[in-house]
Amino acid sequence: RLFTPRSPAIPCEVPESVTTKLLPHQQEAFDWAASAWEKGLPGILNADEQGLGKTLQTIAFLAWLVRHMEAAGPDARRPILVVAPTSLLENWEAEVDRHMAPGGLGTLVALYASALSSRKRKGLAGRDTDDGVERLDFDVLLEAIAEGRGHRQWLITTYTTLRNYHHSLARIP
């Protein structure tokens, strides 16, 4: 399969919004993620030993990606989606707060626990996969994307929620 290379709108450097200095191995992982992105790969798998800072490495790359989208213009501005095991979601939120300046990756859209229930459209129970009907309300998010502000949003959810509500989530570019 051929990949279409991408051109960054800004230098591939850890943005100042990341307040924690990356260790050499974390910087190497950031550079690798940016290189994979430039080559057009659709994604990467960041899997190393526990405790080496994978979350920080990923946060740094996502912070760069947000800055790139901002510089690239309105058509490139899309929200970030983080999908992680349920046990790591609160840790992800805490790590963004810990390693980034206020505002971090933008406005958090949590799609788990009680926050998921608050996203349900009125009168619709169950999951999208029950009958293919979109049950989550992303109208405000879609409006932000249409207005070129989508990059100021980041969503965090579980693999199960992604599966159960994929019709709703598929509406988000």
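Scanning the stretch 118-139 for residues being aliphatic (A, V, I, L, M) and modelled with pLDDT of 95 or more gives a total of 2. Out of G53, G40, one residue alone is among the small types (G, A, S), under 18 Å from the mean Cα position of the chain (by Cα) and modelled with pLDDT under 95. It is G53. Listed conditions (1) free of Cβ contacts under 8 Å to residues at least 12 places away in the same chain; (2) more than 30 Å from T20 (Cα to Cα); (3) open to solvent by less than 60 Å² (accessible area, probe 1.4 Å) are all met by Y165, apart from (1). Just the residues that are over 24 Å from V66 (Cβ atoms), of a type outside the set (A, V, I, L, M) and assigned to a loop (DSSP other than H, G, I, E, B), please, taken from the stretch 115-136. Answer for the stretch 115-136, where residues must be over 24 Å from V66 (Cβ atoms), of a type outside the set (A, V, I, L, M) and assigned to a loop (DSSP other than H, G, I, E, B): R121, K122, G123, G126, R127, G132, E134, R135. Identify all residues within the stretch 137-165 that are farther than 11 Å from R78 by Cα and either assigned to a helix (DSSP H, G or I) or among the acidic types (D, E) (or both); write none if there are none. D137, D139, V140, E143, Y159, T160, T161, L162, R163, N164 - these are the residues of the stretch 137-165 that are farther than 11 Å from R78 by Cα and either assigned to a helix (DSSP H, G or I) or among the acidic types (D, E) (or both). Residues in the stretch 57-79 that are modelled with pLDDT under 95 and hydrophobic (A, V, I, L, M, F, W, C): A76 only.
The values are calculated or read from the model by the stated rules, or taken from the named source; none is laboratory data. Because the structure is a prediction, the values reported are computed rather than measured. Positions of Cβ are backbone-derived with ideal geometry, glycine not excepted, and every protein chain shown enters the neighbour counts. Keep in mind that these areas ignore ligands, DNA and RNA; they rest on the heavy atoms of the full protein, side chains included. Shrake-Rupley method; radii C 1.70, N 1.55, O 1.52, S 1.80 Å.
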